[in-house]
Amino acid sequence: MQQLDEDLTRDRAHISDLPAQWLQKHRDLVASVRRLMYAAATTGVGNEDLRRSADLVAQASELVEQELRPGVLLGEFASPETTAATRTRWIGRHNPSCIPLEISSDGTTASATVTADALAEGPRDCLHGGLGAWLMDCMLGLLIESAGRTCVTAQLELKYLAPTPLNRPLNLYATADSASGRKVWVNSWIECEGTRTVEARGLFIEPRR
């Protein structure tokens with residue numbers, strides 16, 4: 001079994017500490033697992049194929065469980081020293097349970113486009129409301145992070161204006177509102193084909209040092 005150096009797999013949790021080739025292979029694995037999750041949730045194959053599939057998944061799990069990290073790899077964030085006007089962040093490329101997001105932000109606005117599938121279903125053919133809240137929290141948090149501040153969510157208010165459909169492109173937006181000391185207020189929303197389906201307003205607080 002080929003392993004990374006022990007300090008890379010156990011002591012460090014930041015993406016920048018890991019070799020680029022390993023990261024790409026891990027992204028490939030996560031994409032394959034996400035495909036499997038969708039297939040498992042929607043399959044209609046017979047009993048024998050279900051049994052064989054479960055056996056294969058168990059074998060794959062035993063293989064990757066031989067060397068476990070202390071936690072999942074988080075999204076990639078540019079350092080405050082980065083001078084690019086617009087930066088890209090990725091969420092979910094290393095965690096199959098997340099809806100993968102590619103967020104562009106200039107520090108005052110952020111945007112992303114995503115298409116949710118059946119794994120994100122709440123009401124029939126519609127996005128689960130809790131996942132809508134998660135998307136909004138991601139957009140708001142990443143916007144603040146891109147502005148060089150480290151904050152945590154203190155309050156998240158949502159308005160569900162219309163059903164958010166699955167399997168259609170969703171446009172996600174966030175804008176900075178105001179700040180006072182350690183407090184930052186930001187707004188975000190989801191649009192589908194020009195119709196706003198969810199609005200959110202968040203209060204984020206910078207922890208005391």
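The values are calculated or read from the model by the stated rules, or taken from the named source; none is laboratory data. None of the values given here were measured: they were computed from a predicted structure. So basically every Cβ, Gly included, is an ideal-geometry build from the backbone, and we count neighbours across all protein chains shown. For accessibility, only protein heavy atoms count, side chains too; no ligands or nucleic acids. Shrake-Rupley method; radii C 1.70, N 1.55, O 1.52, S 1.80 Å.
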| Yes or no: Gln2 more than 17 Å from the chain's Cα centre (by Cα), at pLDDT below 95 and more than 16 Å from Ile91 (Cα to Cα)? | yes
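Residues checked against (1) surrounded by fewer than 17 Cβ atoms within 10 Å (Cβ to Cβ); (2) of a type outside the set (Val, Ile, Thr); (3) part of a strand (DSSP E or B):
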{"site": "Thr113", "(1), (2), (3)": "yes, no, yes"}
{"site": "Ala116", "(1), (2), (3)": "no, yes, no"}
{"site": "Pro123", "(1), (2), (3)": "yes, yes, no"}
{"site": "Leu135", "(1), (2), (3)": "no, yes, no"}
{"site": "Cys138", "(1), (2), (3)": "no, yes, no"}
{"site": "Gly141", "(1), (2), (3)": "no, yes, no"}
{"site": "Gly148", "(1), (2), (3)": "yes, yes, no"}
{"site": "Thr153", "(1), (2), (3)": "yes, no, yes"}
{"site": "Glu157", "(1), (2), (3)": "yes, yes, yes"}
| request: Just name the residue that is nearest to Pro100 (Cα to Cα) out of those in the range 17-76 that are exposed (fewer than 10 other Cβ atoms within 10 Å of the Cβ) and in contact (Cβ under 8 Å) with a residue 60 or more places away in the chain. | output: Pro70
| query | Out of the range 171-208, which residues are of a type in the set (Ser, Thr, Tyr), touching a residue at least 24 places away in the same chain (Cβ under 8 Å) and out of contact with any Asp or Glu (no Cβ under 8 Å at 6 or more places or on another chain)? | reply | Thr175, Thr195
| note | How many residues of the range 102-111 are over 12 Å from the mean Cα position of the chain (by Cα), touching a residue at least 24 places away in the same chain (Cβ under 8 Å) and in a strand (DSSP E or B)? The answer is 4
| request: Name, by its number, the condition in (1) in a strand (DSSP E or B); (2) within 18 Å of Glu121 (Cβ to Cβ); (3) open to solvent by 50 Å² or more (accessible area, probe 1.4 Å) that does not hold for Arg196. | output: (2)
| field | Total residues in the range 34-56, condition of a type in the set (A, V, I, L, M), closer than 19 Å to Ala118 by Cβ and part of a helix (DSSP H, G or I) | value | 6
| message | With the requirement that a residue be open to solvent by less than 40 Å² (accessible area, probe 1.4 Å) and not hydrophobic (A, V, I, L, M, F, W, C), what does the range 162-174 give you? | response | Thr164, Pro165
